[in-house]
Amino acid sequence: MKLIIYIETTKEFDLFLNEFDNQFECEVVLGCIELSRYTKTSFEDLLILINIANKKKIPVVLDWDILNLESRFKKSIAVLEKIPLHDFKAIRLQDPGAIEYIKRTYPWLKVQLILENGNHNLVGLKSWRNYLGEQCDKLILSNELSKDHLRQYASSLDVPIEIQVLGRILLFYTPRLLLSPLDKKNSEAAFLEAYGSSEESPHNGFPLIENQHGTFMFNVKDLYLLDHLNELSEANITNVRLDLRFDSLFENHVKDLIRFFKKDISEKELKIKNDHIRPMIKGFYNVNKTDILFTKLKNKRIQRNDEYYLGEVVDVERNNQIALLVKRDGEIKENIKKLKLVTPEGKIKEIELKWIRNSQHEEVNSFTKNEIILIPFFRGVTVKTQVYLSSTT
Amino acid sequence: MNHWTPELLSPAGSLEKLKIAVLYGANAVYLGGQKFGLRQASDNFTLEELVEGVAFAHDRGAKVYVVINSFLHDKDLEELPEFLKFLEALMVDALIVSDLGVIATIKNHCDLVIHLSTQASCLNIEAAMLWKSMGVQRIVLGREVTIAEAGKIKKASGLEIEMFVHGSMCMSYSGNCVISNYTQGRDSNRGGCAHSCRFEYSIDFKNTEKESLKSYFMSSKDLEGIRLLPEFIDAGIDSLKVEGRNKSHHYAGTISKVYSDALNFYKSHGHFLSSDMLMWEDELRKISHRDYTTGSLVEYADENSIYNQREHDDNEYTIAGIVLESRKNQYLLVDVKSAFLLNDNLEIMPFNGKISTLSLKFLKTISGIDIIKSKPGSVVKIPYAEGVERFNLIRKCIKNDVAGFV
Ligand code: SF4
């Protein structure tokens, strides 16, 4: 099992190195405020962190996970050009523009593709992987994928898969600055943090961040899958990521977590689950029913669906007549005298016509598409009833 | 002289709205089938309706783009090829997609043109180049991109560029919001968005003693780009898209009419210095909308783009009915969409020309009985008016209505 962990400061690196001594595979993700969504690491500090990693021979990966508007893209590239990219094992990218740029400009640099947004099918995952060819180091998949899907993908792909197993769950990312307008005093602050609760939602205390890249909202519960590492390993998901960047998680728990990865302590002995300020969940790891629960609002019975379709009831005058908007040209022959009506409630009525009139109440022998015709009243027929020529005729 | 103008692309949430949009001037419409699209709440099209809708649009020179922009799962992809074959036989003009798996499936099964949905949040030249290499012919840029940036993307990539000109806006980068997934168990990227960004939130800033602030801080104003049509044209933007497949017939007709009238004016004059500009803007205020903003069309959207209000309906106009039939010198048959009275302030929206008032000398049921009030879901007869055609919209001014009296 390979541990993926973000390190943002020299203090964090020290804490990490105090416990980590290469007993298991590990990859450290480094970023800087210009390229990463919510790190606080400055460009200068990034260079220091790279140095430490080099000295200690810790493999590091550069994080360029922001989405880049055209003007930001140029700034990102300017920063990137100043970073000693050869010191990195790979670069993590989500923006297709960043992917294209790195593929063209630095074909020797391995890419870890962040596919956490959508990408819920194997055809797409394989296409991304093939697009990068040899340059593809791994695919970082969405935490909305259930274990069954993860297992299937891991067995069908020829590059490693990484998933997050601990930390905040990102719900929302906008480039607009939404918090500073509420806090005029601190509106110049580079990093605002807040919590949002709504009476219209049963959930309270969504963590919020605003920085130069926009505003981010996280779930009220954090992800915790550390009790599933064996299962993941058996499913060939060998890269697991801890996100300890918030809520003093790194400071308070990195030691324990490394000991856990070293197998010095068991998962049950980890204090994080009990100490953490927010509840922890498994998210969609066991099952994802988000599209099953959503029932379509459309009443299927009022949708036309076959070749005998004649039209739709648009008006009903009780005990008198029904007005029909016809959808095909027709003549009054035997076969049109029998109709099948399907009401919005799904009731089916077979009726025989005694007469057909136009809107001027003249009896007619034919009608044209999109004309209103009148037929005798039948009990139980309402507006939006679908009318078909009886299929037996 | 005929000056070049971009395509006007209107939403078609149902077959009826498709017809209305095309007749009121849209050059193209976008619509969803029963599956694979993001607007599960709109009526969407059955296969039969697709056949009729495509024929209707094509007969009038309008294009039809079919939206397949959900983030599809493996099982969906298995079902997709059959639908693609159907759409190819129908000769739809393009598919709007956001997922690379869908693009790959399309390329394997048909030769239909691929447009990249805004859902893929394409924001820069390099991203456009990537999608171009994947076989995409047109990019619907993220709403965060300015017109000037869009012009550069077009020039550098050589791709067709489509931008939103009007309608509601997602506050998040499209495709980057899963609030509904975690809070409501509904996948927002598969049509289940619960619009949590429109809720009121109390905000507590970290490390301050300040009391909670209540705010609709995540709710975006609506986009309105009519004043920026010259900029779109100068930047060579190929298509101007209006959001709103879930919106009303009144909306579908009005935005199609207003924007096409404006673009047609430019076509013949080469400028927008029309005395009608104020009228066009006024018309856009008569359809259901939140406060308008130009979003990021000129500069990146700032705090003025936040709506910060509870959602409310203070429309001045509502649809009264749609003309079903016109019997010369006798009557118009009207499909009543919302109740109206004999003496209500009604207006008729012609496909071409100015909107005019409609005073009713009579109001009758379809069998000819005089009534003073129509009821929704019925067909009524009103006096014949010269020039009024099938699918013309009749709207009602409701600003002076008192609740309970209508
Ligand atoms: S909740 Fe709002 S921001 Fe999120 S997908 Fe829905 S409309 Fe967009």
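The values are calculated or read from the model by the stated rules, or taken from the named source; none is laboratory data. All figures in this text were calculated on a predicted structure; none of them were measured in a lab. Every residue, glycine among them, receives a Cβ derived from its backbone with ideal geometry; neighbour counts consider all protein chains shown.
Here are the numbers:
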read-out: Helices (runs of 4 or more DSSP H) completely within region A:45-144 that count 2 or more residues being under 23 Å from the mean Cα position of the chain (by Cα); value: A:96-105, A:122-132
read-out: Sole exception among (1) of a type in the set (Lys, Arg); (2) surrounded by 14 or more Cβ atoms within 10 Å (Cβ to Cβ); (3) farther than 23 Å from B:Arg138 by Cβ for B:Lys210, by number; value: (2)
read-out: Subset of region B:197-207 that is within 7 Å of another protein chain (Cβ to nearest Cβ) and surrounded by fewer than 24 Cβ atoms within 10 Å (Cβ to Cβ) - its residue that is nearest to B:Arg143 (Cα to Cα); value: B:Phe199
read-out: Positions within region B:114-140 being more than 10 Å from chain A (Cβ to nearest Cβ), of a type in the set (A, V, I, L, M) and outside any strand (DSSP E or B), in sequence order; value: B:Val136
read-out: Residue check, B:Leu332 closer than 28 Å to B:Ala26 by Cβ and touching a residue at least 12 places away in the same chain (Cβ under 8 Å); value: yes
read-out: So A:Lys40, is it charged (D, E, K, R) and not in a helix (DSSP H, G or I); value: yes
read-out: Region B:44-66 residues that are in the same structural domain as B:Ser256 (by TED's automatic domain parsing) and within 16 Å of B:Pro11 (Cα to Cα), paired with ones that are part of a helix (DSSP H, G or I) and β-branched (Val, Ile, Thr) (beta carbon under 8 Å, 6 or more apart); value: B:Phe56/B:Val22; B:Ala57/B:Val22; B:Ala62/B:Val22; B:Val64/B:Val54
read-out: Close pairs from region B:208-232: first more than 12 Å from every other protein chain (Cβ to nearest Cβ), partner aliphatic (A, V, I, L, M) and within 16 Å of the ligand (Cβ to nearest atom), Cβ under 7 Å, at least 6 apart; value: B:Asp222/B:Met169; B:Leu223/B:Met169
read-out: Selection status of A:Gly214, buried (at least 19 other Cβ atoms within 10 Å of the Cβ) and either more than 13 Å from every other protein chain (Cβ to nearest Cβ) or in contact with a helix residue (DSSP H, G or I) (Cβ under 6 Å, 6 or more places away or on another chain) (or both); value: no
read-out: Any hit, region A:63-73, residues being crowded, with 16+ Cβ neighbours inside 10 Å, more than 24 Å from B:Glu126 (Cα to Cα), assigned by TED's automatic domain parsing to the domain that holds A:Lys263 and of a type in the set (Val, Ile, Thr); value: no
read-out: Residue list for region A:201-219, filter: within 20 Å of the chain's Cα centre (by Cα) and at pLDDT below 95; value: A:Ser201, A:His203
read-out: B:Asp111 more than 28 Å from B:His289 (Cβ to Cβ), surrounded by fewer than 23 Cβ atoms within 10 Å (Cβ to Cβ), at the interface with chain A (Cβ under 10 Å from one of its Cβ atoms) and over 19 Å from the mean Cα position of the chain (by Cα); value: no
read-out: Strands (runs of 3 or more DSSP E) contained entirely in region B:153-243, each with at least 3 residues that are in contact with a Gly (Cβ under 9 Å, 6 or more places away or on another chain) and more than 10 Å from the ligand (Cβ to nearest atom); value: B:160-167, B:201-205, B:222-224, B:239-242
read-out: Looking only at region B:255-283, and only at residues there that are over 22 Å from B:Leu141 (Cβ atoms) and of a type in the set (A, V, I, L, M, F, W, C), the one that is nearest to the chain's Cα centre (by Cα); value: B:Val258
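Table: residues versus (1) in a loop (DSSP other than H, G, I, E, B); (2) assigned by TED's automatic domain parsing to the domain that holds B:Ala252; (3) closer than 19 Å to B:Arg390 by Cβ.
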position: B:Leu332; (1), (2), (3): no, no, yes
position: B:Asp335; (1), (2), (3): no, no, yes
position: B:Ala339; (1), (2), (3): yes, no, no
position: B:Asp344; (1), (2), (3): yes, no, no
position: B:Glu347; (1), (2), (3): no, no, yes
position: B:Gly353; (1), (2), (3): yes, no, yes
position: B:Lys361; (1), (2), (3): yes, no, no
position: B:Ser367; (1), (2), (3): yes, no, no
position: B:Pro376; (1), (2), (3): yes, no, no
